[in-house]
Amino acid sequence: MSLSLETITAIKETIPLVSQEAENVTTRMYEILFSKYPETKPLFANATSDQHKKLAGAIAAFAGNIDNLGALGNAVEKMAQSHVNTNVKPEHYPMVADALISAMGDVLGEAFTEERKNAWVEAYTFLANILMQREQELYAAR
Ligand code: HEM
């Protein structure tokens, strides 16, 4: 499975905006996540780092490398390790998707068109599937 050219194009159109607003999007995302899905809060209880900055960085890196996901290999492994250490499970992915896409809508406003929104949902799902697969392997090896 790979992302369509249309999706990659739509994501690339949003890169300057998303990079510029990465901190705001991430802050808003956690606001929505923790109020709508309070069960996700304990997962971050032992956060060892500034997760806000890391997620913002991951979003920007992901967008920037959308047509060269191989460049993200190392980052994917780190994310998967981090998720397994904090007990992130597949059922949490739709919650983060909802919070992230809503946050992008709130922060980017009209620039976050329906087409771009759909592209981000597709791209998030793509990355989430890669992460969930690697995390399943790591959980199984425990
Ligand atoms: C495609 C979706 C996701 C991306 C791109 C992403 C990205 C990241 C990144 C970049 C890190 C830091 C990795 C490092 O240690 O260097 C991280 C850690 C973490 N993520 Fe995710 N994540 C995703 C999904 C989720 C989901 C669904 C949850 C659960 C609600 C979650 C919860 C966490 C937690 C608890 C940490 C550890 C925080 C810490 O120790 O500082 N993530 N994630």
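The values are calculated or read from the model by the stated rules, or taken from the named source; none is laboratory data. A quick note: this is a predicted structure, and the numbers were derived from the prediction, not measured. Heads up, the Cβs are rebuilt from the backbone with ideal geometry, glycines too, and the neighbour counts pull from every protein chain shown.
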Boolean, residue 47 is modelled with pLDDT under 80, over 26 Å from residue 112 (Cα atoms), surrounded by 12 or more Cβ atoms within 10 Å (Cβ to Cβ) and near the ligand (Cβ under 9 Å from one of its atoms): yes
If we keep just the residues of region 94-142 that are more than 13 Å from residue 10 (Cβ to Cβ) and basic (Lys, Arg), which is surrounded by the fewest Cβ atoms within 10 Å (Cβ to Cβ)? 142
Any chance region 69-76 includes a residue that's within 21 Å of residue 133 (Cβ to Cβ) and polar (S, T, N, Q)? yes
Would you check if there is a residue in region 103-116 being near the ligand (Cβ under 9 Å from one of its atoms) and under 14 Å from the mean Cα position of the chain (by Cα)? no
Output for Cβ contacts, cut-off 6 Å, separation at least six or different chains, first residue small (Gly, Ala, Ser) in region 67-94, second within 9 Å of the ligand (Cβ to nearest atom), reads 80/131
Find the helices (runs of 4 or more DSSP H) located wholly in region 1-109 whose residues include 2 or more that are more than 22 Å from residue 137 (Cα to Cα), and list them. 5-20, 22-36, 51-64, 93-108
